[in-house]
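Participant: Quick one: this structure, given as C-alpha cells, is what I'll be asking you about.
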Amino acid sequence: MTEVKNKEKKGKAFRGGDKFSIEVDEDYCKGCNLCIYYCPRDALDESEEPNKKGLYPPVQVEDRCIGCRMCELICPDFAITIVEEDEDE
Amino acid sequence: MDEKKEERNTQEMREKYLRKDMMPTIFCTGCGIGNVLNYTLRAIEKQGLDMDKTVILSGIGCSSRLPGYVDVDSLHTTHGRALAFATGVKITNPELNVIVFTGDGDCMGIGGNHFIHAARRNIDMTVIAVNNFIYGMTGGQVAPTTPEGDYATTAPFGNIEPAFDMSSMAISSGASYVARWTVTKPSQPINSIAEALENKGFSFVEMLSPCTTAYARQNKVGSLREFWNWYDKKTILTEDYEMLKKYGDPEEIEKLYENIQTGVLHKEEKECLSDRLKRLIEEVQV
Amino acid sequence: MSEDLEKAKKVIGKKKQFIHGDTAIAYGALLAGCRFFGGYPITPASEIAEKMAEMLPRVGGKYIQMEDELGSIASVIGSSWAGAKAMTATSGPGFSLMQENIGFAHMSETPLVLANVQRSGPSTGQPTLGAQGDIMQTRYGTHGDIAAITLSPNNIQETLDYTIRAFNLAEEYRTPVFLMICADVGHMREMVEIPDEVETFERKKPKVPPSEYVPFGEGQYGKKKVPEFGVFGEGYHTYVTGLTHDKYGFPATDDQKDHETLIMRQVEKILDDREVLTDVEKRNLDDADVAIVSYGIASRSAIGAMNKGREKGMNIGYLRMKTLWPFPIKEIEELSKKVDKIVVAEMNLGQMFHKVKEHADCEVVLASKIGGEIHSPDEILREV
C-alpha cells in the first residue's frame, strides 16, 4: 500500500466512515489528478510512488469519502469508481 | 438520496456503454473530451435510450474519436461532413436516435455549411460540439473559434481574426435547442444534454473544453488546475449575465463583456423535418 | 417488394413513354427500389433531382436537396447505412466535389448509385453540352487505391435498364456504382418501355447474432470477398470509419499488412469478377481489319462511321464498351489479335484510349472530340 502524501492536509476532515471505497483503474488513469482537486472532502491524494507508467494515480484517504461521486464525474477517463459497502440494516 | 442509489457508478457505466477493446482513450491528460463522453453517456442513461436504436456520428478531430469508445452503431465520417451524413441517416430512419460528436474546427470551419443547414431544417438530432478553440488533432492550428490574440501554430504572432460564436450561429440558423456549458461543472451539461436528447428537433450543445496540449503549450494557461479554473472564471450563466447587466455597477458590467455566457441559450418547440416529411408523404402517397 | 414495385409503376404511369435520359434514370431508380435521393441542382442533371422530388414521396421515399454536393453524397452514404437504397446525381463540377466522400463510400463499402450526366469541362466549362471527360475520374478521382464499377449506356431504354443494374450491382458488391451518361443522352428523348417485372438484388443481411458478425471481413455466407451488410438500428453496433480498419471495423492504421489486407479485398471483390461484370456490344468483327472502340453517345456516331466505311468497302468492325470499369481487358486483348488497328472514339482528349492501348497488341489511335459536340461519322472515319 503506497503511502499518502500530505497527511496533515488542511480542509474539512468530515468523518465519512468506511461506507465508500474508491477504486482507481490504473490502466485508464492518466494521472491528471482532477479528482484530487475537485474532491470536496479531500478524500483523495497523490500516491507517494509512481506506478509503472510513471504516473502518480490517486489513492483514497481513509474515513473521508462521503460518496458524492464528484470524482467519477470529473474524471475524463472513466478511471475512478465509488463502491458503496453493503450496509447491515 | 433514492435517486442516487439508482444511478450507475463508473464501473457499471463502463460495462454498459463502452467498447472495452478501444480503451483507454487517446485523449491527453486533463483533456475535457473524456468528460464530454462521460456526461453524454450519463444523459443517455438518464433518458433511457435504446442503444440498439441509436447511431453516433462524428467528423474528424479529437472529439470525433468519441464514437469509437461507445458500443453502438457508429459512423466516423469525413472532416466537417458528419451533419450531412446524419441528415441521411435520420431522414431515412426517423426511429433512430441520432447523436453527433463534433469539434469547433470540424463543425464551424469546414463543416459550417452543413451546420447551418442542418440547424435550419431542425432535423431531430443532438449535436454535441466540443469547443477547445483550436485544431487539436493536427497539432494546434488556429481555428474559426480561436479568440483574437491567442497563439496557434498558424498564428504565431497572435490570431488577428475575430472568432465565431458557435451557439449564436446555431440560434440564428434555426436550431430549436441551444446550450453552452463547460466541462468543469458536471451536473449542468448532464441535465442539459438529457434535455437536448428529449427535444424533437435540432439540439446543439456546445461544450467548452480545455486542450491541455496543443492549445495550452502555446498560450499561457498555467497548471492544469489553473487552466480548468479559468473556464469557471471566464464563463457566466446567461441568467446571471442578464441580472448583472441590469443591476450591476458599471465596473461589473464592464467585466461582463469579457465573459462567455453559458446555460440554455435558446429553447423552442418547433416541428422537425422528419415529421414534416411524414406529413408530406401521407398527403401525396399513392 | 412487389408491392413496392407496383407503387413505383403506378407513379411512373404509362407503360410506353417518350422520355429523356434523366427521366429514365429516375424511373429506373424507382423501379430498382431506390427510396432516398440526396442531391443538388446542376445542369444537365437537375431533372433527375426534380423527377425524384416528385416521385419519391409518392412511393413513401425520401427526397432531400442538400446544401452542396459534398452534403449530397454524405447524406446518401448515411441513408444507405440506415437501410435505404440511395442515390445521387450530378455533373462534372459536382462530381469533383464529391470525390472525398466517394472515397469514404469505397472504404466503408457502402452501396450507392451515383449518376454523372457529364458535361464539357474542366471547371464550369460548357454547362449545357456533353462530353465524356469524367471516365478516368470515376476510377482515379478519389485519392488512394480503389476499384470502381462504371456503366455507360448509349440509349434511353438502356439508361433505364442500366440504372436498375447499377442498384443491383451496388448491393451485390457492397460498393458505389457509377452510371455515366452525357448531357446529350440526359436530354435526348426516345421511346422506352417500362418493364413489368424487375429483378432486384436485395441487401445481404448478416445471418449471425451481433457478437459473431464480421462487418468488414470476408462474406460469411455470400460472395467470398463481400461482407454482409448489417445496417444501423438492428443491434450490430458496427463502427464505420474512413480510417484503415480491421475486419471488425476498428482503426488499424499502423500496420502495413492490415492496410494491404483490407484494400486488396476491397479491390479484388470487384476485379476478380472482371469478366462477369464486362458487358460489350460487338458488330461486324468477323472480317474486320479495323475496329472502332467506343462507348456512350460517341458510339452511335461510331456505328455511322462503320456503316459509311463499309459502303466504301472498308472492313470496319465495332466494339462498344457498356461497362467501362472494371476495364474489359480480355475483350480488348482478343480484339487486338483479330484486327490490325483500333480507333478509340471518345469525347475527350483520350481517356479510355490509354487503357485500350495498354492492353491491345495492335496499333491504337484516338479519334477525339471536345467542345460539346459529338463526333460526326466522318471525323471518326478519318482516323480509320
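Participant: Share of antiparallel DSSP beta bridges in the protein assembly as shown, in percent to the nearest 5? Intermediate values should be presented prior to the final figure.
Facilitator: Numbers: 30 of 100 bridges.
So the antiparallel bridges amount to about 30 percent of the total.
Participant: By average Cβ neighbour count within 10 Å, what is the ranking of C:373-383, C:108-118, B:174-184, C:216-226 from highest down? Write out the running numbers ahead of the final one.
Facilitator: Details: C:373-383: 18.6, C:108-118: 26.5, B:174-184: 24.9, C:216-226: 16.1.
Result, highest mean first: C:108-118, B:174-184, C:373-383, C:216-226.
Participant: Say each of B:Thr29 and C:Ser123 gets a label point 7 Å from the Cα, pointing the same way as Cα to Cβ; how far apart are those two points in nm?
Facilitator: A separation of 5.3 nm, rounded to one decimal place.
Participant: Just to confirm the filter: which trypsin sites (Lys or Arg not before Pro) across the range C:175-212 are DSSP coil and have at most 15 other Cβ within 10 angstrom of their Cβ? If you can, show how the numbers build up before the last one.
Facilitator: Numbers: sites: C:Arg189, C:Arg203, C:Lys204, C:Lys207; in loops: C:Arg203, C:Lys204, C:Lys207.
Answer by residue number: C:Lys207.
Participant: Additional query: Please give the net charge around C:Gly28, taking every other residue with its beta carbon less than 9 angstrom from that of C:Gly28, where Lys and Arg add +1 and Asp and Glu add -1. It would help to have the intermediate numbers written out before the result.
Facilitator: Working: positive: C:Arg165; negative: C:Asp161.
That sum, taken over residues with Cβ under 9 Å, equals 0.
Participant: Karplus couplings for the range C:48-62 from phi (6.51 cos²θ - 1.76 cosθ + 1.60, θ = phi - 60°), rounded to Hz, Gly and Pro as x?
Facilitator: Going residue by residue, I get 5, 4, 5, 5, 5, 4, 7, 8, 4, x, 6, 9, x, x, 10 Hz, with x marking Gly and Pro.
Participant: Relative to a virtual label point 7 Å from the Cα of C:Gln256 in the Cα→beta-carbon direction, which members of the range C:127-164 show backbone nitrogen distances below 18 Å?
Facilitator: C:145
Participant: So who's got an amide H within less than 5 Å of the one on B:Leu237, skipping anything under 5 residues away but keeping other chains? H placed 1.01 Å off N, in plane.
Facilitator: B:Thr262
Participant: For C:Glu6, put the label point 7 Å out on the Cα→Cβ axis and report which residues of the range C:43-64 keep their amide N under 18 Å from it.
Facilitator: Answer for this model: C:58-61.
Participant: Using modelled backbone amide H atoms (1.01 Å from N, in-plane), which distant-in-sequence or interchain residues come within less than 5 Å of B:Met125's amide H?
Facilitator: Those lying under 5 Å, H to H, from B:Met125 are B:Gly201, B:Phe202, B:Ser203.
Participant: Ok, one more. Based only on Cα atoms, what mean projected area does the convex hull of the protein assembly as shown have, in nm²?
Facilitator: Numbers: hull surface 155.6 nm².
Result: a mean projected hull area of 38.9 nm².
Participant: Next up: Compute the FRET efficiency between C:Ala53 and B:Asn229 as 1/(1 + (r/R0)^6), taking r as their Cβ-Cβ distance and R0 = 60 Å, and round to the nearest 0.05. Walk me through the numbers on the way to the answer.
Facilitator: Details: r = 54 Å, r/R0 = 0.89.
Efficiency for this residue pair is about 0.65.
Participant: Report the GluC sites (Glu not before Pro) located in the range B:179-266 that are in a DSSP loop and have at most 16 other Cβ atoms inside 10 Å of their Cβ, or state none.
Facilitator: Details: sites: B:Glu195, B:Glu198, B:Glu206, B:Glu226, B:Glu239, B:Glu242, B:Glu251, B:Glu252, B:Glu254, B:Glu258; in loops: B:Glu258.
Answer by residue number: B:Glu258.
Participant: Taking 41 Å as R0, compute the FRET efficiency from the Cβ-Cβ separation of B:Met51 and B:Tyr257 and round it to 0.05.
Facilitator: So, using R0 = 41 Å, E works out to roughly 0.40.
Participant: In a shell of Cβ-Cβ distance under 11 Å around B:Leu96, excluding B:Leu96 itself, what net charge do Lys and Arg (+1) and Asp and Glu (-1) give? Write down the numbers at each step before the final one.
Facilitator: Numbers: positive: B:Lys53, B:Lys90; negative: B:Asp50, B:Asp52, B:Asp73, B:Glu95, B:Asp124, C:Glu234.
Every neighbour counted, the sum reads -4.
Participant: To continue, here is another question. With n ≥ 4 as the cut-off for DSSP H runs, can you work out [θ] at 222 nm for the protein assembly as shown, using -39500 (n - 2.57) per run divided by the number of residues, rounded to the nearest 500?
Facilitator: Numbers: 27 runs with 267 residues, N = 759.
Result for the protein assembly as shown, helices only: -10500 deg cm²/dmol.
Participant: Give me a single rounded figure for B:215-226: the average over its residues of other chain Cβ atoms within 10 Å of their Cβ.
Facilitator: Partner Cβ neighbours, averaged per residue: 1.
Participant: Based on the mean of other beta carbon atoms within 10 Å per residue, what is the order of C:7-13, C:168-174, most packed first?
Facilitator: On the way: C:7-13: 17.3, C:168-174: 23.4.
Packing proxy ranking, top to bottom: C:168-174, C:7-13.
Participant: Now for a different question. Please work out the Cα center distance from the range B:151-225 to the range C:85-108, rounded to the nearest Å.
Facilitator: 31
Participant: Using only atoms on other chains, find how many Cβ atoms lie within 10 Å of each Cβ of peptide B:113-119 and report the average. Present the calculation step by step, with values, prior to reporting the outcome.
Facilitator: Numbers: counts 5, 7, 1, 1, 5, 3, 0.
Across the residues of B:113-119, the mean count of other-chain Cβ atoms within 10 Å is 3.
Participant: Taking the alpha-carbon centroid of each part, what is the distance from the range B:48-120 to the range C:264-331 in angstrom?
Facilitator: About 44 Å separates the Cα centre of the range B:48-120 from the one of the range C:264-331.
Participant: Another question about this same structure. Taking square-rooted eigenvalues a ≥ b ≥ c of the alpha carbon gyration tensor, is chain B rounded, prolate or oblate, where a/c under 1.5 means rounded and, failing that, a/b exceeding b/c means prolate?
Facilitator: Working: a/c = 1.44, a/b = 1.31, b/c = 1.09.
Taking the square roots of the gyration eigenvalues as a ≥ b ≥ c, chain B is rounded.
Participant: Could you list, in their original order, any pairs among C:Lys85/C:Lys257; C:Lys269/C:Lys369; B:Lys46/B:Lys267; C:Lys7/C:Lys224; C:Lys224/C:Lys257 whose Cα atoms are separated by more than 28 Å?
Facilitator: On the way: C:Lys85/C:Lys257 33 Å; C:Lys269/C:Lys369 35 Å; B:Lys46/B:Lys267 20 Å; C:Lys7/C:Lys224 35 Å; C:Lys224/C:Lys257 20 Å.
Listed pairs above 28 Å: C:Lys85/C:Lys257; C:Lys269/C:Lys369; C:Lys7/C:Lys224.
Participant: Calculate the mean, over all residues of peptide B:63-76, of how many other protein chain Cβ atoms lie within 10 angstrom of the residue's Cβ.
Facilitator: Mean partner-chain Cβ count within 10 Å for B:63-76: 5.
Participant: Where in the range C:292-373 are there chymotrypsin sites (Phe, Trp or Tyr not before Pro) that are in a DSSP coil and have at most 11 other Cβ atoms within 10 angstrom of their Cβ? Present the calculation step by step, with values, prior to reporting the outcome.
Facilitator: Numbers: sites: C:Tyr295, C:Tyr318, C:Phe353; in loops: C:Tyr295.
Qualifying residues, ordered by number: none.
FYI, it's all coordinate maths here, none of it is from the lab. All figures in this text were calculated on a predicted structure; none of them were measured in a lab. Neighbour counts are summed over all protein chains in view; Cβ atoms, including those assigned to glycine, are modelled from backbone coordinates with ideal geometry.
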